[in-house]
Amino acid sequence: MQYLHLVTRRLAWLFAIVFAFTLAGCASTGPNALEKVEAQGNISPLVVKNVLMAAQGDVIRVNLELFNEGSEAVNFQYRVRWTNADGFQIWDDEPWKTEIVYGKERRMITAIAPTPKAADFRIVITRQKRGV
Amino acid sequence: MMKPLLKTSLALTVASVLLTGCATPSTEYGDSRAVETVTNEFGSTDLQMIAENMTRSLLVHPIIAKGDRPRVTTSPVRNKTSEYIDTKSITDSIRAQLVKSGQVRFVVDANEMASQKAELERQDSELYDKSKAKQKGKMVGAAFRLDGEITSIVKQNKDIKDVYYKMSLQLVNVETGDLEWAEEKEIRKTTKKR
């Protein structure tokens, strides 16, 4: 009986460790992830709802969720700055991408790292016209 | 005798015409990554968006993601739009980004073969130390080929011109002919009269 109790406790620990590793392999999110969004100027009525990062093969994949609190369509531009684990930018500035979010729409933006060397990122968003 | 006010107005008019005629255009460097909407024809932003989109999609495909750096060559991208587009520039950008990623190796394509052959023949001449010159018969063929086309649909009325572009790219297994990967990028540009 005592032996059974010991085995059960050890199994429980094993499951807990495996579960923790499983969670670590999943997308990371939370309040710290929102710090990875850099708004240049006022982006209202757009609101950043969530930022997710997950590994896809050797590269990282990023999902940005935006919500337009206004009732009119809003144009914005964004790009991603990829860095290594030490914060050094390891890829050229990406081209600015233009997107539209309609009134009360929740929009997902996906970005894939250009190289396996990218370990971190910053998403830069602006409503300022960046163009010719 | 001209009234003073009339004289002054005439003088100012002549002066402004002369100054406008002397105005020189100014040139400055711009942001090469900025969004360009000068016209609704195919432009730099379209090229950059397509190259980035295609590259990132290919990088996560198992063929590339497994990490054995397959050898790829490029075939000319067919331009099926009604305007001139330098499609080689699109494939050059894709190729540069994939090579920089470190995940793919590119081999010389058909366009570059003449230069490659000329260089090997040059090194095969008696001027070169045979032990240090590169040998013929050592080139490695590509396992995959990048191939695609760009099309457009133009619709226009008296107030609006809408242009829709679609770039399609695929990765073909050279040996088996299998289509291993395919991706499309759509772009819409609309010009409205104010």
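The table that follows gives values for the structure above.
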| item | result |
| --- | --- |
| Test: residue in the range B:2-23 that is polar (S, T, N, Q) and either modelled with pLDDT of 85 or more or surrounded by 13 or more Cβ atoms within 10 Å (Cβ to Cβ) (or both) | no |
| Residue B:92 being open to solvent by less than 70 Å² (accessible area, probe 1.4 Å), among the charged types (D, E, K, R), away from every other protein chain (no Cβ under 11 Å) and over 26 Å from residue B:191 (Cα atoms) | yes |
| Residue match in the range B:100-116 (condition: over 30 Å from residue B:180 (Cα atoms) and assigned to a loop (DSSP other than H, G, I, E, B)) | no |
| The range B:57-86, subset buried (at least 20 other Cβ atoms within 10 Å of the Cβ) and part of a helix (DSSP H, G or I), residue farthest from the other protein chains (Cβ to nearest Cβ) | B:58 |
| Unique match (being within 14 Å of chain A (Cβ to nearest Cβ), open to solvent by 20 Å² or more (accessible area, probe 1.4 Å) and closer than 24 Å to residue B:150 by Cα) among B:49, B:54 | B:49 |
| Of all residues making up the range B:114-154, the number that are over 25 Å from residue B:74 (Cβ atoms), surrounded by 12 or more Cβ atoms within 10 Å (Cβ to Cβ) and among the hydroxyl-bearing types (Ser, Thr, Tyr) | 1 |
| Residue that is surrounded by the fewest Cβ atoms within 10 Å (Cβ to Cβ) [pool: residues in the range A:93-132 that are under 15 Å from residue B:53 (Cα atoms), β-branched (Val, Ile, Thr) and within 11 Å of chain B (Cβ to nearest Cβ)] | A:110 |
| Among the residues listed as A:68, A:84, A:63, the single one being within 24 Å of residue B:65 (Cβ to Cβ), away from every other protein chain (no Cβ under 13 Å) and touching a Leu at 6+ places or on another chain (Cβ under 7 Å) | A:63 |
| Count of the range B:155-176 residues which are assigned to a strand (DSSP E or B), of a type outside the set (S, T, N, Q) and surrounded by 14 or more Cβ atoms within 10 Å (Cβ to Cβ) | 10 |
| Meets criteria (more than 14 Å from chain A (Cβ to nearest Cβ), open to solvent by less than 80 Å² (accessible area, probe 1.4 Å) and over 26 Å from residue B:175 (Cα atoms)) for residue B:109 | no |
| Tally of residues being in a strand (DSSP E or B) and open to solvent by 30 Å² or more (accessible area, probe 1.4 Å) across the range A:57-92 | 8 |
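The values are calculated or read from the model by the stated rules, or taken from the named source; none is laboratory data. Keep in mind that what you see is a predicted model, and the values were worked out from it rather than measured. Neighbour counts run over all protein chains shown; Cβ positions are idealised from the backbone, glycine included. Remember, those area values only see protein heavy atoms, side chains included, never the ligands or the DNA or RNA. Shrake-Rupley method; radii C 1.70, N 1.55, O 1.52, S 1.80 Å.
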